[in-house]
Amino acid sequence: ARTPVTVTVTGGAGQIAYGLLFRIASGAMLGPDTPVRLRLLEIPAAVGALEGVAMELEDGAFPLLSSIDISDDPWVGFDGANIAVLVGARPRTTGMERSDLLAANGPIFTDQGAAINASAAEDVKVLVVGNPANTNAFIAMSNAPDVPAARFTALTRLDHNRAIAQLAAKTGAPAAAIARVSIWGNHSATQYPDITHATIAGRPAPMVVGDPEWVRAQFIPTVQQRGTAIIAARGASSAASAASAAIDHIRDWVLGTPAGDWVSMAVPSDGSYGVPEGLISSFPVTCADGEYTVVPGLAIDEFSRERIDLSVAELRSERDAVIDLGFA
Ligand code: NDP
């Protein structure tokens, strides 16, 4: 049997984790031949609930689940982590400004970055889901100087999948026929879902859609506001789809993207496409052999340029705010 992979998940008693953990245990994230050792982290107040989740995981009798450990100490929880999925974050409550949210999350991601630096496995890959995800990832990365910066990523795969879903609904094509959608920038309402390079059954998506006004007035805002629409419909935020996207993100990073397609991941910029180096911004990427590569050489039209710059400006201001607060 293969050696188990250690997967640490924070916010283990939360809604997203409730969808995520069972799929990790079933092999959906790392494949049907890879046993997993789960290490779950929570804040002290939620450890009781986390024990309940661990009991349910045991009751799944998953053949691939070799152990479950729970803790409220990041220095314990990240020990030996090969994969770290950072879901837990301080939620935005009414009346909270973005700056308050950054201030509330700073200490969490400062500690977790330091703990990852000290105790995770040498090959650790980090995915931040908890919002503001890009900037939380930036804080963790900044506090883990011995871990290659490229290992810190944030989730924009749900936005990517939502963009595919909207194109499928508009054109009647199945999701599987849609390729090369891109999400650029921040995982926030300023994100830019881009179909310029997308294809539908091999044909250029803008041509198949044939309606540039729909792209601007419907498609882009629908993808940007989809989270809000789900809260309105469901009375609770999207949790299963976020969990599913986190599975997709890690699976593709570890096992590779399909030939001819790409995915979106927020990763530390290498300066590509005019995004300042080191900002954790979403890009189209391909993955192979456990590494991602930003898709090079895409033509960026004027409209795309403006949209990318707008979202990147928001990321810069978040970065400047957390630097001022001393978290990075
Ligand atoms: P969820 O599990 O629903 O969400 C967790 C985080 O994911 C939130 O920051 C949320 O952002 C974010 N998120 C990112 N993308 C999405 C998306 N598409 N849809 C919805 N959420 C998204 O929150 P719960 O409150 O149920 O659970 C959080 C858990 O984390 C709690 O149990 C809490 O105790 C724990 N926690 C753990 C910490 C730790 O392990 N050290 C630290 C802090 C909290 P948004 O708020 O914008 O919806």
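The values are calculated or read from the model by the stated rules, or taken from the named source; none is laboratory data. Everything quoted here is computed from the prediction, not taken from an experiment. So basically every Cβ, Gly included, is an ideal-geometry build from the backbone, and we count neighbours across all protein chains shown. Only protein heavy atoms, including side chains, enter the accessible area calculation; ligands, DNA and RNA are left aside. Shrake-Rupley method; radii C 1.70, N 1.55, O 1.52, S 1.80 Å.
Values computed for the structure shown
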read-out: Rounded FRET efficiency, nearest 0.05, which uses the C-beta distance separating MET207 from GLU291 and R0 of 25 Å; value: 0.15
read-out: For ARG226, solvent-accessible area (1.4 Å; no DNA, RNA or ligand), Å²; value: 90 Å²
read-out: Mean separation of Cα contacts under 8 Å, 6 or more apart, over the residue count of the range 144-220: relative contact order %; value: 24 percent
read-out: Length-normalised contact order for the range 21-123 - Cα pairs under 8 Å, 6+ apart - percent; value: 28 percent
read-out: Relative compactness, the range 169-217, computed as alpha-carbon Rg over 2.2 N^0.38 Å; value: 1.16
read-out: Area projected by the alpha carbon convex hull of the range 15-91, averaged over all directions, nm²; value: 5.0 nm²
read-out: Histogram of C-alpha separations across the range 89-211, 5 Å bin width, %; value: 2, 11, 18, 15, 13, 12, 11, 10, 7, 2, 0
read-out: Solvent-accessible area of ARG39 with every protein chain in place, 1.4 Å probe, in Å² to the nearest 10; value: 40 Å²
read-out: Largest to smallest accessible area among LYS125, LYS170 [probe 1.4 Å]; value: LYS170, LYS125
read-out: Translational diffusion of the range 1-144, µm² s⁻¹ [Kirkwood Rh, Cα pairs; Stokes-Einstein; 10 °C; 1.306 mPa s]; value: 104 µm²/s
read-out: Kirkwood Rh, angstrom, the chain [1 / mean 1/r, Cα pairs]; value: 20.0 Å
read-out: Mean projected area (nm²) of the alpha-carbon convex hull when the range 233-292 is viewed from all directions; value: 5.6 nm²
read-out: Cα-based convex hull, the range 170-328, per residue volume (Å³, whole number); value: 141 Å³
read-out: Calculated FRET value between SER317 and GLU122, using beta carbons and R₀ = 30 Å, to 0.05; value: 0.30
read-out: Extent along principal axes [Cα atoms of the range 155-244; Å; largest to smallest]; value: 37, 23, 22
read-out: Test item: Cα-centred dipole of the range 50-113, Lys/Arg +1 and Asp/Glu -1 on Cβ, debye; value: 420 debye
read-out: The chain: relative contact order as a whole-number percent, Cα under 8 Å and 6+ apart; value: 17 percent
read-out: Which of ALA175, ALA243, ILE83, positive extreme of dipole for the chain (C-beta unit charges); value: ALA175
read-out: Environment charge at ALA177 (Cβ cut-off 15 Å; Lys +1, Arg +1, Asp -1, Glu -1); value: +2
read-out: Karplus (6.51, -1.76, 1.60) ³J(HN,Hα), θ = phi - 60°, over the range 296-308, in Hz, Gly and Pro reported as x; value: x, x, 6, 6, 10, 7, 4, 4, 4, 4, 4, 5, 5
read-out: GNM top mover of ALA140, ALA246, ALA259 - the chain, alpha-carbon springs below 10 Å; value: ALA259
read-out: Inter-probe distance in nm under a simple model that places probes 7 Å from Cα toward Cβ, at GLN225 and GLU277; value: 4.0 nm
read-out: The range 63-125, Cα convex hull volume normalised per residue, Å³; value: 111 Å³
